[in-house]
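Visitor: One structure follows; several queries about it will come next.
Laboratory data are not the source of any read-out in this text; all were calculated from the coordinates shown. Source: prediction; values computed, not measured. So basically every Cβ, Gly included, is an ideal-geometry build from the backbone, and we count neighbours across all protein chains shown.
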Amino acid sequence: MSNVNKLNVYLSNLALWTAKLHNIHWNVTGQAFVQVHEFTESLYDETFEQYDAVAEVQKMRGEMPLVKLSDFLANATLKEIDAKDFTITEALQLVEADMKAMSALAREIRDEADKNDDCQIVGMFEGYLDFYAKKLWFLRAMLAK
Ligand SMILES: [Fe+2]
């Protein structure tokens, strides 16, 4: 898959993940509720920023970003989940799995851009990879037994 299509997959994942992070933010329960509630808020603020930034970089290169929720659902590789009460561990494991998938996709996009000397996408996605690396460390530390 080319980066033109991968950017739309990444964008679709951001749209889905922003909603999914709210589900966890609202429905997590347990003694660390406040920490996980605030942590997920910091993450959906980032995913929402990325969502706009990725679509704008697509426009800069004459591409048409996806805009419909139905298209996001059809193209996303992350999966929606139903609302329920999440334990702290469930909540953090859900976030960690999606973040690993987003980090892997961001790396693929970054590596292909590097082959094409596309420094705009390289710079942008290296920033996203740094963000994921730090937050994946937070998640490992929070999930440590
Ligand atoms: Fe909130």
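Visitor: Would you say residue 54 is surrounded by 13 or more Cβ atoms within 10 Å (Cβ to Cβ) and within 16 Å of the ligand (Cβ to nearest atom)?
Guide: In short, no.
Visitor: Considering only residues that are within 16 Å of the chain's Cα centre (by Cα), in a helix (DSSP H, G or I) and closer than 24 Å to residue 37 by Cα, which ones fall in region 62-93?
Guide: Within region 62-93, 91, 92, 93 meet the criteria.
Visitor: Can you pull out the residues in region 100-145 that are in contact (Cβ under 8 Å) with a residue 12 or more places away in the chain, aliphatic (A, V, I, L, M) and over 18 Å from residue 61 (Cβ atoms)?
Guide: Passing the criteria: 101, 102, 105, 129, 133, 136, 139, 142, 143.
Visitor: Of all residues in region 24-51 being within 30 Å of residue 4 (Cβ to Cβ) and surrounded by 15 or more Cβ atoms within 10 Å (Cβ to Cβ), which is nearest to the ligand (Cβ to nearest atom)?
Guide: 44
Visitor: Are any residues in region 53-81 out of contact with any Lys or Arg (no Cβ under 9 Å at 6 or more places or on another chain), among the acidic types (Asp, Glu) and in contact (Cβ under 8 Å) with a residue 12 or more places away in the chain, and if so, which ones?
Guide: 63, 71
Visitor: Sticking with this structure for a sec: Being in a helix (DSSP H, G or I) and farther than 22 Å from residue 133 by Cα, is that true of even one residue in region 38-48?
Guide: Checking region 38-48: not a single residue is in a helix (DSSP H, G or I) and farther than 22 Å from residue 133 by Cα.
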